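Some notes on the structure that comes next.
The values are calculated or read from the model by the stated rules, or taken from the named source; none is laboratory data. Just so it is clear, the model here is predicted, and its values are computed rather than measured. Every residue, glycine as well, gets a Cβ built from its backbone with ideal geometry; the counts of neighbours run over all protein chains shown. With ligands, DNA and RNA removed, areas are computed over all heavy atoms of the protein, side chains included. Shrake-Rupley method; radii C 1.70, N 1.55, O 1.52, S 1.80 Å.
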Number of protein chains: 2
Amino acid sequence: MTAYVSSASPGAPETPPPGEPRWLDAHEQRAWRAWLYSAQLLQDRLDRELTHETGISHAYYEILVALSETEGRMMRMSELADKCLSSRSRLSHAVSRLEERGWVRRQVCAEDGRGQLAVLTDEGFAALEAAAPVHVEGVRTHLFDQLTPEQVENMRDLGETLLRHLDPTTIKALHQAPS
Amino acid sequence: MTAYVSSASPGAPETPPPGEPRWLDAHEQRAWRAWLYSAQLLQDRLDRELTHETGISHAYYEILVALSETEGRMMRMSELADKCLSSRSRLSHAVSRLEERGWVRRQVCAEDGRGQLAVLTDEGFAALEAAAPVHVEGVRTHLFDQLTPEQVENMRDLGETLLRHLDPTTIKALHQAPS
DNA sequence: GCCGAATAGTCAAGCCTTCAACTACGCTAG
DNA sequence: CTAGCGTAGTTGAAGGCTTGACTATTCGGC
């Protein structure tokens with residue numbers, strides 16, 4: 001479904017000439033689709049369950065968690081955006097909506113007049129505390145409960161390998177993560 | 001960032017009493033985040049590159065591929081939605097937009113008066129043929145080129161394990177997939 | 001100090017997704 | 001044959017995301 005057009009390369013050479021697409025063989029296709037579908041379904045499922053049971057989408061949840069883990073429960077907008085793999089614009093919109101719920105407030109940054117701080121309110125922290133058990137149960141049920149210890153180890157290895165390529169700076173944050 | 005609130009369970013027992021959240025330990029946290037971030041970043045990257053270089057989002061690409069692989073390049077709307085992990089409504093909107101581009105057309109289903117067939121046009125097939133090399137190159141560069149054969153095998157194993165839990169019917173389609 | 005370049009964040013327009021009706025058709029029982 | 005129920009698909013409104021333009025502030029060289 002994703003890398004192939006029916007007519008392509010039934011008997012392609014092992015090493016296609018430069019310029020020719022390097023089509024996936026049957027084994028690669030199967031691995032790719034298994035990864036793609038499972039990632040999609042798992043993310044959808046976790047997001048849906050969390051949203052329905054707590055009213056907090058996974059995107060919002062990540063923002064609240066990121067804030068809750070910092071000293072003073074506050075963070076610069078850009079830093080927060082990076083941590084949540086979000087664009088500046090998207091985060092700005094999201095924080096506005098969280099502000100309307102009373103879970104976050106904005107505060108001008110003392111050191112840099114251009115900057116804004118997003119601050120987690122007590123209400124926001126309470127909402128996070130209420131949602132966390134639901135989320136962790138979802139991750140347990142749909143992920144860890146399904147995997148052997150070896151598979152968990154493989155998952156970590158795979159994820160970190162891809163992260164090193166996709167975003168070398170993110171992986172550092174992983175290692176020093178307080179949680 | 002995802003399953004933990006800072007104050008929670010620093011010295012939690014090995015097996016929490018029933019009802020207590022089964023918090024993730026440090027090792028599980030790291031595996032979970034590595035998986036989550038890498039999945040997010042990889043999907044974003046592939047979608048962004050495909051969209052910029054071909055004007056076709058990954059969601060549209062999947063629809064075109066699914067149609068191209070069938071006999072007659074046509075498929076029932078519901079079947080197509082299932083294959084693309086999409087809701088009925090979402091697919092209906094997407095097909096409308098693809099229709100405006102002239103890449104797909106709707107046709108009433110002869111056997112079932114309620115049904116509609118989505119049919120891939122020649123223009124649609126040409127668009128797909130143009131996009132496929134871009135997509136496969138992205139998957140190569142950002143995924144397979146980064147992994148050892150063992151890691152690819154682990155990825156397949158992991159994905160299929162999760163699929164068996166999340167959606168047992170999808171995995172069958174994987175095995176008989178023509179690509 | 002002052003000017004130009006870079007950075008932080010916001011905003012508006014357009015596209016996409018979701019949710020909840022809603023239409024239309026087919027199937028089965030009485 | 002027709003009433004009632006289930007299925008297939010569409011639609012419109014509401015809200016979220018992306019892109020590009022815009023404002024405000026800081027930094028770095030002169």
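Miscellaneous remarks
- Given charges at beta-carbon only (K, R positive; D, E negative), |dipole| of chain A in Debye: 500
- Accessible surface of the protein assembly as shown, 1.4 Å probe, proportion on carbon and sulfur as whole %: 49
- Here is how far apart the residue A:153 label points are across copies: 1.5 nm, shortest first, using a point 7 Å from Cα toward Cβ.
- Residue with peak Gaussian network fluctuation, chain B [Cα springs, cutoff 10 Å], from B:85, B:158, B:41: B:158
- For segment B:102-143 and segment A:60-92, distance of Cα centres in Å: 38
- Distance between the modelled labels on residue B:114 and residue A:169, one decimal in nanometres: 5.3 nm (7 Å Cα→Cβ projection).
- Rounded to the nearest 500, the helix-only mean residue ellipticity at 222 nm of the protein assembly as shown stands at -19500 deg cm²/dmol, with each DSSP H run of n ≥ 4 adding -39,500 (n - 2.57).
- The string of couplings for segment B:60-77 from the Karplus curve (6.51, -1.76, 1.60, θ = phi - 60°) is 5, 4, 4, 4, 4, 4, 4, 5, 5, 8, 8, 4, x, 6, 8, 7, 4, 4 Hz, one whole number per residue in order, with x for Gly and Pro.
- Surface listing: B:106, A:101, B:48, B:33 arranged by accessible area from highest to lowest gives B:48, A:101, B:106, B:33, probe 1.4 Å.
- Rounded to the nearest 20 debye, the dipole magnitude of the protein assembly as shown is 840 debye, with +1 charges on Lys and Arg beta carbons, -1 on Asp and Glu beta carbons, and the Cα centre as origin.
- With θ taken as phi - 60° and the Karplus curve 6.51 cos²θ - 1.76 cosθ + 1.60 applied, the whole-hertz 3J(HN,Hα) list for segment A:136-146 is 5, 5, x, 5, 4, 4, 8, 10, 5, 5, 8 Hz, x standing for glycine and proline.
- Across the identical copies, the 7 Å label point of residue A:18, projected outward along Cα→Cβ, sits 6.6 nm from its counterparts, in ascending order.
- Relative counts (whole %) of C-alpha pair distances in the protein assembly as shown, using bins that are 10 Å wide: 5, 22, 29, 24, 14, 5, 0
- Heavy-atom accessible area buried between chains B and A is around 7900 Å² (1.4 Å probe, both sides summed).
- For segment B:116-125, putting each phi into the Karplus relation 6.51 cos²θ - 1.76 cosθ + 1.60 with θ = phi - 60° gives couplings of 10, 10, 9, 10, 6, 7, 4, 4, x, 5 Hz, in residue order, rounded to whole numbers and with x for Gly and Pro.
- Residues in segment B:50-86 that, when all protein chains are in place, have 10 Å² or more less accessible area than the chain alone would give (probe 1.4 Å): B:58, B:61, B:62, B:65, B:68, B:69, B:83, B:85
- Between residue A:109 and A:115, A:116, A:117, the built amide H atoms are under 5 Å apart, and every one of these is 5 or more places off in sequence or on another chain.
- Distances between copies at residue B:169, taken between label points 7 Å from Cα along the C-beta direction, are 4.4 nm in increasing order.
- Rg over Rh, two decimals, chain A (C-alpha only, Kirkwood Rh): 1.07
- 1.4 Å probe accessible area per residue over segment A:55-146, in Å²: 46
- For chain B, the longest principal axis of the Cα atoms and the long axis of helix B:26-54 meet at an angle of about 20 degrees.
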